[in-house]
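The values are calculated or read from the model by the stated rules, or taken from the named source; none is laboratory data. Note that the structure is a prediction, hence the values are computed from the model and not measured. So basically every Cβ, Gly included, is an ideal-geometry build from the backbone, and we count neighbours across all protein chains shown.
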Amino acid sequence: MELAIPQTVAVTLGTLFTVLVFSHLIAFVLKKANPKKDYSELFQRINSWWVIIIIFAVAVVMERTAAIIFLGFVSFLALKEFFSLIPTRRADRRVLFWAYLSVPLQFYWVYDYWYGMFIIFIPVWIFLFLPLRMLVIGTTDGFLKAAGTIHWGLMITVFNLSHAAYFLSLPAIDNPQAGGVGLLLFLVILTQFNDVAQYVWGKSLGKTKIVPKSSPGKTWAGFLGGVVTTGAAAYFIAPYLTPLEGGMGAIGGAIIAVAGFIGDVTVSAIKRDLGVKDSSSFIPGHGGILDRVDSLTFSAPVFFHFIFYLYYGPTLAS
Amino acid sequence: MSRLLRFLFFALIVRPIIYVLLGLNVRNYKRLPNKGPAILVANHNSHLDTLVLMSLIPLSRLSEIHPVAAADYFLRNKLLSWFALEIIGIIPIRRASKGGNPLRLVFDAIQNGKILILFPEGTRGQPEKMEDQFKEGIRLIARKFPDMPVYPIFLHGLGKSLPKGEGLFVPFFCDIFIGEPLTYQESGKQMTQQIHSRITALAAEGQFPAWE
């Protein structure tokens, strides 16, 4: 186990904990100031943040293997939530079992630095295999719907989220400060930061709704405010955690903000379609795992391929 | 020795499977009793039902909780009956009784302040479907202890994870809705019927995806 982590990563984690301590203090002050108001949900939310950030920090600090296992576990929980929400056919129990098995395999490819397999396993091999498994079972009623929903869930919760883990397997580039861990932290922190920034902007001056049907609470002001604020924050953070220089850091942040927003409203649209408010009650005060990682399901692959294009691509030729 | 094995079985195997692989969404957890005697009554779809209900009580109080189960099924051979009696800790009842009170062991457990688990459908039945009528055993037990609370509980999802006749476990989040307790004192002869309608009402609180 290597406990030696890049100094910038340690500073980032320290900052996160400081922010959390301050949020907790502010919540206490609020509670003292308005003793009649019920702040239990706020406290639940902050307590859950403590748990999430402590687990995340431990996983990141420990070593690559632990971090990959941790992200694979998050992926499994999100997939389980998805399968528990969607209508399923009794006949497909065995198909779902194989779909679950794709999680450890997908994260094993990440662990094994096998980019070629990582990038096609779910979109090609699982996409071809699951319908075969369904054919063998032989129930054709609802076949397309089942094949479609199952694979959609795998793409969102396994394929997309595993991109966050693959940052830990990219070959070292000219990023002396923080390496792959830095990119992972940058992605996760800015995605969550953007969620908060969008919420604050939307609450303070949002009027025109941006996607009224799926997320009536989301406004243009919230969206644009989030993109600008996240871009600005990224501009200052990028030099410490990523190889992105100057304006590229801000662009990286803006890309995370836009993709995160789309992920957020897409998962909202699914929940609206299924008629649920939260994907589960797994994380007190937050809802389910899917509610927490909704933005990340889109920002992870988009930011990953942005970095990949800039530093490893566009072609594979040495 | 068996007490230790029972503890280890639940601490190292059952709880990790239930809390990590399966995952529980419990509604109204605080309604659960802090101490016995009490009976938890639930719909029955899967062998996992018993293990999930037993996992709701803190591990330190494992020795207080016992499922009531049919002797003809769980005591049908030596190994199974050792496992059922010593590890799961069932209280056996004889469905086809020849003399003696088939509920005697149940009464003893209640007198000792235990929390019992009972599935009044009498069988696991069709996955995610509840029988139209409950067996009257629960009322006969409660009649003897008229102020003992009986908690109606609705379980959803376990019939998908491990239905009757299937050996392959597939994870799904499990929903557990805990209802307000009732007693024989209040319900009297209508008790079985009332428990059935409370569980049906709990089921209607949730919104569950189709499973066909």
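A:LEU290: in contact with a helix residue (DSSP H, G or I) (Cβ under 8 Å, 6 or more places away or on another chain), within 14 Å of another protein chain (Cβ to nearest Cβ) and in a helix (DSSP H, G or I), yes or no? Considered against the rule, which asks whether it is in contact with a helix residue (DSSP H, G or I) (Cβ under 8 Å, 6 or more places away or on another chain), within 14 Å of another protein chain (Cβ to nearest Cβ) and in a helix (DSSP H, G or I), A:LEU290 comes out as yes. Of the residues making up the range B:2-22, none is touching a His at 6+ places or on another chain (Cβ under 9 Å), part of a helix (DSSP H, G or I) and of a type outside the set (S, T, N, Q).
Residues that are touching a residue at least 40 places away in the same chain (Cβ under 8 Å) and crowded, with 24+ Cβ neighbours inside 10 Å were ranked within the range A:245-258; the one that is farthest from A:GLY225 (Cα to Cα) is A:GLY252. Would you check if there is a residue in the range B:128-139 being within 30 Å of A:THR139 (Cβ to Cβ) and among the aliphatic types (A, V, I, L, M)? Checked the range B:128-139: at least one residue is within 30 Å of A:THR139 (Cβ to Cβ) and among the aliphatic types (A, V, I, L, M). Quick one: in the range B:125-162, of everything that is among the charged types (D, E, K, R) and under 21 Å from B:THR200 (Cβ atoms), which residue is farthest from the other protein chains (Cβ to nearest Cβ)? Once the filter is applied, the top-ranked residue is B:ARG139. Select from the range A:34-52 the residues that are exposed (fewer than 14 other Cβ atoms within 10 Å of the Cβ) and within 16 Å of A:VAL293 (Cβ to Cβ) and list them in ascending order. Selection gives A:VAL51 alone.
Checking every residue in the range A:176-192 against the condition of being within 30 Å of A:LEU241 (Cα to Cα), over 19 Å from the mean Cα position of the chain (by Cα) and surrounded by fewer than 20 Cβ atoms within 10 Å (Cβ to Cβ) gives at least one match. The set of residues from the range B:186-212 being of a type in the set (Lys, Arg) and modelled with pLDDT of 90 or more comprises just one member, B:ARG198.
Determine the pairs where a residue that is of a type in the set (Ser, Thr, Tyr), located within the range B:70-86, has a partner that is assigned to a helix (DSSP H, G or I) with Cβ atoms under 7 Å apart, the partner being 6 or more residues away or on another chain. That search, which allows pairs on different chains as well, returns B:SER81/B:PHE74. Confirm whether B:GLY165 is on the phi > 0 side of the Ramachandran plot and within 14 Å of chain A (Cβ to nearest Cβ). Judged against the criteria, B:GLY165 is a match. Output yes when any residue across the range A:198-212 is in contact with a strand residue (DSSP E or B) (Cβ under 8 Å, 6 or more places away or on another chain), polar (S, T, N, Q) and free of Cβ contacts under 8 Å to residues at least 24 places away in the same chain, and no when none is. Looking for residues that are in contact with a strand residue (DSSP E or B) (Cβ under 8 Å, 6 or more places away or on another chain), polar (S, T, N, Q) and free of Cβ contacts under 8 Å to residues at least 24 places away in the same chain, one finds at least one in the range A:198-212, hence yes.
Looking at (1) under 20 Å from B:VAL52 (Cβ atoms); (2) within 14 Å of chain A (Cβ to nearest Cβ), can you tell me which one B:ALA210 breaks? Going through the list (1) under 20 Å from B:VAL52 (Cβ atoms); (2) within 14 Å of chain A (Cβ to nearest Cβ), B:ALA210 breaks only (1). Every listed requirement among (1) within 19 Å of the chain's Cα centre (by Cα); (2) more than 14 Å from every other protein chain (Cβ to nearest Cβ) is met by A:TYR100 save one, (2). Selection within the range B:158-187: residues that are free of Cβ contacts under 8 Å to residues at least 60 places away in the same chain and under 30 Å from A:ILE289 (Cα atoms). The member of this set that is surrounded by the fewest Cβ atoms within 10 Å (Cβ to Cβ) is B:GLY167. Tallying residues that are crowded, with 16+ Cβ neighbours inside 10 Å, more than 24 Å from A:THR18 (Cα to Cα) and not charged (D, E, K, R) within the range A:53-68 yields 1. The lone criterion from (1) away from chain B (no Cβ under 14 Å); (2) at pLDDT 85 or above; (3) under 20 Å from the mean Cα position of the chain (by Cα) left unmet by A:LEU244 is number (3). Number of residues in the range A:99-115 that are in a helix (DSSP H, G or I) and in contact with a helix residue (DSSP H, G or I) (Cβ under 6 Å, 6 or more places away or on another chain): the value is 8.
Could you say whether any residue in the range A:107-116 is surrounded by 17 or more Cβ atoms within 10 Å (Cβ to Cβ), facing chain B (nearest Cβ under 9 Å), closer than 24 Å to A:ARG292 by Cα and touching a residue at least 40 places away in the same chain (Cβ under 8 Å)? No, the range A:107-116 contains no residue that is surrounded by 17 or more Cβ atoms within 10 Å (Cβ to Cβ), facing chain B (nearest Cβ under 9 Å), closer than 24 Å to A:ARG292 by Cα and touching a residue at least 40 places away in the same chain (Cβ under 8 Å).
Kindly indicate which of A:LEU25, A:LEU79 is at pLDDT 85 or above and either within 30 Å of B:PRO171 (Cα to Cα) or outside any helix (DSSP H, G or I) (or both). When all the criteria are applied, what remains is A:LEU79.
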